[in-house]
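Presented below is the structure to which this report refers.
The values are calculated or read from the model by the stated rules, or taken from the named source; none is laboratory data. Just so it is clear, the model here is predicted, and its values are computed rather than measured. So basically every Cβ, Gly included, is an ideal-geometry build from the backbone, and we count neighbours across all protein chains shown.
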Amino acid sequence: MTVSAAIDRIFSRWAGQDSPGAVVGVTRNGALVHEGAYGMADLSHGIPLDRRSVIRIGSQSKQFTVLLALMLEAEGKLSMTDEVHRYAPWLPKYPHPITLQHLATNTSGLRDFLEMSIWSGLPLAAGATRATSRTIIGRHGEVNFVPGSAMLYSNTGFFLLSEIIEEVSGRSYNELLSSYITNRLGMADTRLMWRDTEILPRLVSMHMRGAGGDWETVRWGFPIGGEGGMVSTLTDMLTWQATLARPPAEWVSYLARMTAPVHYTNGTETLYRMGLVVDSYRGLRGIGHGGGVAGGKSESIRFPDQVAGVVILGNLSEMNPFSLARRIVDVVLEREMTPRFAPAGAAAMMAAAGVYREVGGGDVFEIGVLEGEPSFSSTGGTTRLDEVSPGVFAPERPTMHLTLSLAGDGAMDMVMCGQKFRYQRVPTSATGKSISGNYRNAGLGIEVAIDGTSMLIRSDVGAMRATLNWIDEDLMLMRGEGIFGRGGWMASLRVTGDGLELTSDRTKGLLLRPV
């Protein structure tokens, strides 16, 4: 089977005229070795995807935001070592200083404002403004951890960077982007698209599965800035990836800083650098970033030592482009990769399938089986587990810096950001003491009413209902609407002496006090 035929097979499930899909480009030694367009740009009008289809790239926007910040730093308009309050005095007082560097490396500890919006009862499909997001960010002074001590993905940091670069330059994001980057590179279709209601030439429809399993178009209600609001094409993103590999001389120092080693305060090297992820897969060093918005996913990763790259832009929410890019790399670079480990480790991990909770805490994940491989599920969805060394596994999700291994007592050991935690398997159902009553989080401004297994969250920006089910005597899973594309549970709720602690992938220990 040829390389192109093998890649076509990977995307075959979306290749028909009745499905949205993706455009894919693969390069080797500076040459395009595969290009594919699978599925439709618009199901209603029968328009197929192609290399000029304009598609949301989501969080790939973050690398452009960081590059613009570094360019403005070189002009003396800001410093990445400055505290964020210097540029955004409207922010609340945080327990520890937070710098622009912390924002750019996802080490700030700031809770993700998109999740904070959901916890405030404002679904992401609802209409909102940047002012609404500022209000939610501005009144919540709690953090997930001491800045620099760990990494959790946070759109709040890049929301703030996006606002700051506009403030210090006196120009809009799109003006900065075109002036400093895209005009120079000829990336004519790459820009910030604040809302899905905007009309752009060749703009695709974004899709997700409806409750009945049929495709539906979907729109993101929030205006999105430099944290994830850009659109592009396969043509433009191949140009961008080639530029990252061979940058203009005056950009070399900026891009070197974006991929330079960063360390947590415990000395462990971070996975997420400055707007880019530096990771290893089967012995190969990869640099890139992905993205996910309502009804769309993207990935761009290059392997500099092999002079190879993969770009995927999709217009459907069920796709995991990070995993798909790795399946492409398995085909293209197989001879240069370390061999896969014997199947015993994977079999042992699948045999340990179940729901696990942090010992003494409320963090929860689930081990399962996905297409014959061990899988990892959390509030961020389900993905395959990759065996990174014998008996040690990592989720195929670049925004989580963790590994898992089986412990001898049937528990699971997790190493996250260089810190070790133990998780114990729990039953899928349990009974705990009733927590019916009223609760609140003053910082976020939310009121919570619980009646049995029904939960109502209200604030001045919205309301949301969720259902609860016990999985341990002091721990429940919360299920509701969540962020676009997520399945399973939204968060866990742990009963403590102070009330209830809400925990998800991006929110740790949000305390709801009884009233």
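Looking at segment 304-318, which of the residues that are part of a loop (DSSP other than H, G, I, E, B) and of a type outside the set (S, T, Y) is surrounded by the fewest Cβ atoms within 10 Å (Cβ to Cβ)?
D305
Can you tell me which condition I118 does not meet? The list is (1) closer than 30 Å to R458 by Cβ; (2) assigned to a helix (DSSP H, G or I); (3) more than 21 Å from the chain's Cα centre (by Cα); (4) not small (G, A, S), and all the others hold.
(3)
Just name the residue that is farthest from T129 (Cα to Cα) out of those in segment 426-457 that are within 26 Å of the chain's Cα centre (by Cα) and in a strand (DSSP E or B).
N441
Return the residues of segment 122-166 that are outside any helix (DSSP H, G or I) and small (G, A, S); say none if nothing qualifies.
Hits for segment 122-166 are A125, A126, G127, A128, G141, G148, S149, A150, S154.
Take segment 8-38 and flag every residue that is in contact (Cβ under 8 Å) with a residue 12 or more places away in the chain, in a helix (DSSP H, G or I) and over 23 Å from V54 (Cβ atoms).
D8, I10, S12, listed by residue number.
Can you tell me which residue within segment 277-303, out of those that are among the charged types (D, E, K, R) and out of contact with any Phe, Trp or Tyr (no Cβ under 6 Å at 6 or more places or on another chain), is surrounded by the fewest Cβ atoms within 10 Å (Cβ to Cβ)?
Result: R285.
Return yes or no: is V231 among the aliphatic types (A, V, I, L, M) and at pLDDT 95 or above?
yes
Those residues that are hydrophobic (A, V, I, L, M, F, W, C) and either farther than 25 Å from V307 by Cα or more than 26 Å from the chain's Cα centre (by Cα) (or both), I need them from segment 24-43; list them, please.
Across segment 24-43, the qualifying residues are A31, L32, V33, M40, A41, L43.
For segment 121-136: of the residues being within 18 Å of I457 (Cα to Cα) and of a type in the set (V, I, T), which is surrounded by the most Cβ atoms within 10 Å (Cβ to Cβ)?
I136
Being modelled with pLDDT of 95 or more, over 18 Å from the mean Cα position of the chain (by Cα) and surrounded by fewer than 19 Cβ atoms within 10 Å (Cβ to Cβ) is the requirement here; does M349 meet it?
no
Can you report the number of residues in segment 343-363 which are aliphatic (A, V, I, L, M) and under 30 Å from G499 (Cα atoms)?
2
Any residue in segment 410-425 that is in contact with a Leu (Cβ under 8 Å, 6 or more places away or on another chain), assigned to a loop (DSSP other than H, G, I, E, B) and not assigned by TED's automatic domain parsing to the domain that holds R357?
No, the conditions are met nowhere in segment 410-425.
T431 versus (1) within 24 Å of E473 (Cβ to Cβ); (2) in contact (Cβ under 8 Å) with a residue 60 or more places away in the chain: which is the lone unmet condition?
(2)
Just to be sure I understand, how many residues within segment 319-364 are out of contact with any Gly (no Cβ under 7 Å at 6 or more places or on another chain) and in a loop (DSSP other than H, G, I, E, B)?
Count: 14.
For segment 11-20, which positions are over 16 Å from V310 (Cβ atoms) and surrounded by 13 or more Cβ atoms within 10 Å (Cβ to Cβ)?
Of everything in segment 11-20, those that are over 16 Å from V310 (Cβ atoms) and surrounded by 13 or more Cβ atoms within 10 Å (Cβ to Cβ) turn out to be R13, W14, A15, S19, P20.
Hey, could you check segment 266-276 for residues that are within 15 Å of the chain's Cα centre (by Cα) and farther than 14 Å from L402 by Cβ and say which is surrounded by the most Cβ atoms within 10 Å (Cβ to Cβ)?
Within segment 266-276, the match that is surrounded by the most Cβ atoms within 10 Å (Cβ to Cβ) is G275.
So in segment 408-424, with the set limited to residues that are at pLDDT below 95 and of a type outside the set (D, E), which one is farthest from V495 (Cα to Cα)?
Here the residue is G408.
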